[in-house]
Amino acid sequence: MRPVRALLLYARLPENETLSYQTAWPRHFFAHPRFDCDPVDVLSLRDTRRLRLRALLWRARYDAVVILHSVFSNGRYLHGPLLELVARLRVPKAYFIGNEYKGLPEKMWFCEEVGVDLLVSQFTTEEPLRLYRERLPRTTVVGIPNTGWDPELFSSRVAPAERPIDLGYRAFENDVALGHRERRELAERFLAAADGHGLRVDISLDPRDRLDEPGWAEFLNRCKGQLGSEAGGDYFELTDETRDAVNAYRAEHPDAPFQEIWERFFRDYSEPVPGRVLSGRNVEAAGTKTVQLLLRGAYGGYLEPDVHYVPLEKDFSNLDEAIAKFRDPAVAAEVRENAFAVAQDLTYARLIDRFEDALRPLL
């Protein structure tokens with residue numbers, strides 16, 4: 001079967017260098033045998049000029065357009081004449097939507113403006129996917145994890161017993177509008193518990209301590225275990241109504257504590273739609289055979305408690321028990337190997353295979 005000739009759009013930003021999925025997807029698409037990609041960084045004047053010239057000369061002939069997360073995850077970087085050029089291309093267009101907890105009205109309008117035929121969500125649960133399908137009835141919607149495993153980069157290079165750090169953690173602070181502060185609670189609980197349990201930890205939520213892909217892979221290979229949680233929150237909305245209300249309230253009450261925010265906006269929230277997903281941090285830790293102590297969750301259906309990770313209750317009532325399991329060599333080895341088996345099914349190559357299977361009927 002002939003490879004799909006794809007216009008591959010992405011945005012290279014310095015602030016995204018610590019987000020593996022933002023930097024990894026373009027190179028793995030470019031290397032995948034099912035695709036013949038013309039990669040265009042929409043922030044590169046040279047790339048965009050080349051694309052416009054090809055279009056002017058009627059040489060911009062593609063089977064599909066693939067718009068990756070970085071084009072519109074936080075900021076929107078496809079607009080103006082370049083957006084008009086892409087919208088005019090009469091081929092199927094796929095959009096990998098990122099950060100599905102904010103900017104959803106604008107991202108839905110973007111889908112309509114560009115003419116997106118295939119929406120690729122991070123969600124692998126039915127409820128949020130159903131909302132997308134109702135909002136975009138002419139668009140095919142599929143769920144694929146937003147980060148894959150790169151086995152060349154995120155491999156186990158140091159035997160777990162030889163790693164100097166017991167537990168490591170790097171994360172951004174949770175957006176308060178998600179309705180939880182799990183990352184802060186994880187960091188604070190284990191920083192407080194480390195000395196009493198004799199744990200060597202390296203835990204930080206400071207953006208200055210974030211690491212690029214090679215640095216993150218090296219860090220994982222220095223850690224026997226990693227702390228973590230599901231990405232996202234429990235109150236998914238296509239309207240951003242609650243997010244906007246929280247942000248407006250915080251603008252008027254900048255010193256409002258989290259508990260006040262939660263009681264005002266989330267305690268009595270009616271029939272919430274869960275918006276939790278598997279984090280790329282989970283996949284990369286699994287690939288480096290780093291044992292994970294995770295807040296109990298579904299993890300997109302990929303990770304099960306006491307099978308692929310050591311579970312922590314969200315009230316931390318089992319913290320001592322979880323640390324004991326982590327330190328049990330037999331438990332750690334079993335969890336480590338089970339998670340590694342999952343990572344092998346989540347390589348970028350396999351995720352792109354799944355994407356191509358969804359795209360092919362639209363060609």
Would you mind listing how long region 1-119 runs along its three principal axes, going by Cα atoms, in whole Å with the largest first?
38, 29, 29
Using r as the Cβ-Cβ distance of Ala245 and Arg61, and R0 as 51 Å, what FRET efficiency do you calculate, to the nearest 0.05?
0.60
Once amide H atoms are placed 1.01 Å from N in the peptide plane, what residues at a sequence separation of 5 or more from Cys37, or on another chain, have their amide H within under 5 Å of its amide H?
Ala6
Expected 222 nm ellipticity per residue - DSSP helices of 4 or more, -39500 (n - 2.57), all of the chain, to 500:
-12000 deg cm²/dmol
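Stokes-Einstein diffusion coefficient for region 248-315 at 37 °C in a medium of 0.692 mPa s, Rh from the Kirkwood formula over Cα pairs: what value in µm²/s?
Details: Rh = 14.7 Å.
Rounded, D is 224 µm²/s.
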To the nearest 10 Å², what's Glu106's accessible area with a 1.4 Å probe?
80 Å²
Distance between Cα centroids, region 60-121 to region 255-278: provide it in whole Å.
29 Å
Each residue of region 95-111 in turn: what ³J(HN,Hα) in whole Hz from Karplus with 6.51, -1.76, 1.60 and θ = phi - 60°, glycine and Pro shown as x?
10, 8, 7, x, 6, 7, 10, 7, x, 5, x, 5, 5, 5, 5, 4, 4
Can you work out the PRE-style zone for Asp234? Point 7 Å along Cα to Cβ, and I want the residues of region 270-286 with backbone N under 13 Å.
270-276
Once region 116-269 is represented by equal point scatterers at the alpha-carbon sites, with solvent omitted, what log10 I(q)/I(0) does the Debye formula produce at q = 0.09, 0.14, 0.19 Å⁻¹?
-0.44, -0.94, -1.20
Mind running the shape call on region 1-42? Use the C-alpha gyration tensor, a ≥ b ≥ c as the square roots of the eigenvalues: rounded below 1.5 for a/c, prolate if a/b tops b/c, oblate otherwise.
oblate
If N is the residue count of region 214-363, its Cα Rg over 2.2 N^0.38 Å rounds to 1.28
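Determine the relative contact order of the chain: mean sequence separation of Cα pairs under 8 Å and six or more apart, normalised by residue count, in whole percent.
17 percent
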Separation of region 144-178 and region 202-236 by C-alpha centroid, Å?
5 Å
Cβ charges +1 (Lys, Arg) and -1 (Asp, Glu), total dipole of region 1-149, debye
660 debye
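Using unit Cβ charges (K, R positive; D, E negative) and no other charged atoms, how large, in debye to the nearest 20, is the dipole of the chain about its Cα centre?
1820 debye
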Report the full-extension gain for the segment Leu363 to Arg189: residue separation times 0.36 nm, less the Cα-Cα distance, to one decimal in nm.
57.5 nm
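Can you tell me the dipole magnitude for region 195-345 around its Cα centre, using point charges on the Cβ only (Lys, Arg +1; Asp, Glu -1), in Debye to the nearest 20?
Value, rounded to 20: 540 debye.
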How much area per residue is accessible in region 174-296 when the probe is 1.4 Å and only protein heavy atoms are counted (Å²)?
45 Å²
Considering only protein heavy atoms and a probe of 1.4 Å, how much of the accessible area of the chain is carbon and sulfur, as a whole percent?
50 percent
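Between Asn318 and Arg208, what is 0.36 nm times their sequence separation minus the Cα-Cα distance? Round to one decimal in nm.
Value of the extension gain: 36.5 nm.
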Cα→Cβ-extended label distance, 7 Å offset, between Glu106 and Asp353, nm
3.7 nm
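Which FRET efficiency value, to the nearest 0.05, is calculated for Glu162 and Val307 with the Förster distance at 41 angstrom and r the Cβ-Cβ distance?
Computed FRET efficiency for Glu162 and Val307 comes out at 0.95.
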Could you give the length gained on full extension between Asp175 and Arg12, defined as 0.36 nm per residue of separation minus the Cα-Cα distance, in nm?
56.4 nm
Have a look at Phe190, Cys223, Phe172 and report the one farthest towards the positive end of the charge dipole of region 156-304, computed about the Cα centre with Cβ charges (Lys/Arg +1, Asp/Glu -1).
Cys223
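Remind me, what semi-axes does the chain give for its equivalent ellipsoid, largest first in whole Å, using sqrt of 5 times each Cα gyration tensor eigenvalue?
Over the Cα atoms of the chain, the ellipsoid semi-axes are 36, 25, 18 Å.
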For region 135-277 the mean separation of alpha carbon contacts under 8 Å (6+ apart) over residue count, i.e. relative contact order in percent, is 31 percent
Label point 7 Å beyond Cα of Asp345 along Cβ direction - residues of region 242-286 with amide nitrogen under 19 Å
277-286
Distant-in-sequence amide H partners of Asp202 (H built 1.01 Å from N, under 5 Å)
Leu167, Gly168, Tyr169
Length-normalised contact order for region 81-178 - Cα pairs under 8 Å, 6+ apart - percent:
23 percent
Once Lys and Arg get +1 and Asp and Glu get -1 on their Cβ, which of Val141, Pro39, Gln292 lies farthest toward the positive end of the dipole of the chain?
Pro39
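The values are calculated or read from the model by the stated rules, or taken from the named source; none is laboratory data. Small disclaimer: the values here were computed from a predicted structure and weren't measured. Glycine gets a Cβ as well: all are built from the backbone with ideal geometry, and neighbour counts include every protein chain shown. Protein only, heavy atoms only, side chains kept; ligands, DNA and RNA dropped before computing areas. Shrake-Rupley method; radii C 1.70, N 1.55, O 1.52, S 1.80 Å.
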